[in-house]
Amino acid sequence: MITAQIEVSGLAKRIGDVEAVRDVTFVAAPGRVTGFLGPNGAGKSTTLRILLGLARSDSGTALIGGRRYAELPDPTGTVGAVLDLAGAHPAMTARGHLRAYCALGGHDAGRVEAVAELTGMSEYLDRRVGGFSTGMRQRLSLATALLGDPAALVLDEPSNGLDPAGIVWLRTFLREFAAKGGTVLISSHVLTELQHGIDDLVLIDRGRTTWSGPLDAFTARGTSLEEAFLELTSGVESSPVPTATATPNATEGIRA
Ligand SMILES: Nc1ncnc2c1ncn2[C@@H]1O[C@H](COP(=O)(O)OP(=O)(O)O)[C@@H](O)[C@H]1O
Ligand SMILES: [Mg+2]
């Protein structure tokens with residue numbers, strides 16, 4: 001399998017008056033599931049949108065397999081993205097949706113059945129997307145991302161709207177994807193959603209990565225995972241006043 005490491009370095013982006021991302025640096029390695037964790041508004045989606053070529057950074061770099069998204073010779077074969085659930089026309093069947101994206105990406109038509117199988121969607125292929133539950137939409141989004149048999153998967157808060165069984169299914173799917181050499185980068189604002197399924201953890205708070213490294217190293221800090229998370233983030237959605245806790249060295253725990 002072709003592998004593709006994700007490398008984000010010194011990333012910054014201002015949106016209007018907001019410094020959405022100030023200094024984000026981390027690596028997501030092939031063969032590992034990397035959790036990108038931070039409170040709402042921390043800058044996760046902005047970082048991932050820049051990584052996927054949907055937004056431009058003011059400074060810093062976000063590379064997949066050593067290249068910016070726009071410079072990838074085979075973008076859909078390099079990275080698949082599950083960003084939000086818009087984009088699938090409600091009147092279209094899942095098969096119609098997948099066929100359209102399959103053709104757009106220039107992939108073999110047989111990929112439609114293959115990705116439906118992979119994501120447990122085979123029985124739903126001829127149903128209209130408009131009638132899908134959030135969980136089925138998530139699976140369709142993941143199936144679409146897999147059409148190009150990508151080396152990396154980037155998922156922005158994919159657990160939103162998934163039932164517990166769906167979350168367990170997704171966790172297992174991502175583990176298997178990584179076990180085959182894939183790179184997985186998955187964001188969440190909910191610690192408990194990530195703590196079981198990931199190898200590496202990247203914490204982001206107010207536009208800055210505050211910690212990154214193996215999950216083992218994070219939990220070895222002596223405090224509980226939850227305490228450590230709160231210590232390293234404001235922990236409060238849209239916190240108007242910064243907490244008094246000193247921001248730890250952002251490079252702590254980063255793999256050499
Ligand atoms: N299109 C936008 N217009 C204005 N502000 C934005 C926009 N996108 C993001 N922001 C702001 O940038 C910050 C980071 O947002 P975002 O990257 O969506 O965070 P997260 O995904 O971690 O919740 C927030 O303060 C958010 O309000
Ligand atoms: Mg977001």
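The values are calculated or read from the model by the stated rules, or taken from the named source; none is laboratory data. Everything numeric in this text was worked out from a predicted model, so none of it was measured. Neighbour counts are summed over all protein chains in view; Cβ atoms, including those assigned to glycine, are modelled from backbone coordinates with ideal geometry. For the accessible areas, the whole protein counts, side chains as well, though only heavy atoms, and no ligand, DNA or RNA atoms are used. Shrake-Rupley method; radii C 1.70, N 1.55, O 1.52, S 1.80 Å.
At-a-glance table
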read-out	value
Selection count, region 40-57, where residues are open to solvent by less than 70 Å² (accessible area, probe 1.4 Å) and either of a type in the set (Val, Ile, Thr) or more than 15 Å from the chain's Cα centre (by Cα) (or both)	5
Neighbours by Cβ (under 9 Å, 6+ apart or cross-chain): first from region 183-194, touching a residue at least 24 places away in the same chain (Cβ under 8 Å); second of a type in the set (S, T, N, Q) and assigned to a strand (DSSP E or B)	Thr183/Thr34; Val184/Thr34; Leu185/Thr34; Ile186/Thr34; Leu194/Ser187; Leu194/Ser188
Residues being in a loop (DSSP other than H, G, I, E, B) and either outside the structural domain of Ile186 (by TED's automatic domain parsing) or within 22 Å of Ala152 (Cβ to Cβ) (or both) - total across region 1-58	18
Candidates Gly43, Gly31, filtered to the one that is more than 15 Å from ligand 1 (Cβ to nearest atom), closer than 28 Å to Thr233 by Cα and touching a Gly at 6+ places or on another chain (Cβ under 7 Å)	Gly31
Among (1) open to solvent by less than 80 Å² (accessible area, probe 1.4 Å); (2) within 22 Å of Ile6 (Cβ to Cβ); (3) part of a loop (DSSP other than H, G, I, E, B) - the single one Gly77 does not satisfy	(3)
Qualifying residue in region 89-101 (condition: of a type in the set (Phe, Trp, Tyr) and not assigned by TED's automatic domain parsing to the domain that holds Ser133)	no
Subset tally (residues that are more than 13 Å from the chain's Cα centre (by Cα), open to solvent by less than 10 Å² (accessible area, probe 1.4 Å) and β-branched (Val, Ile, Thr)) for region 9-39	2
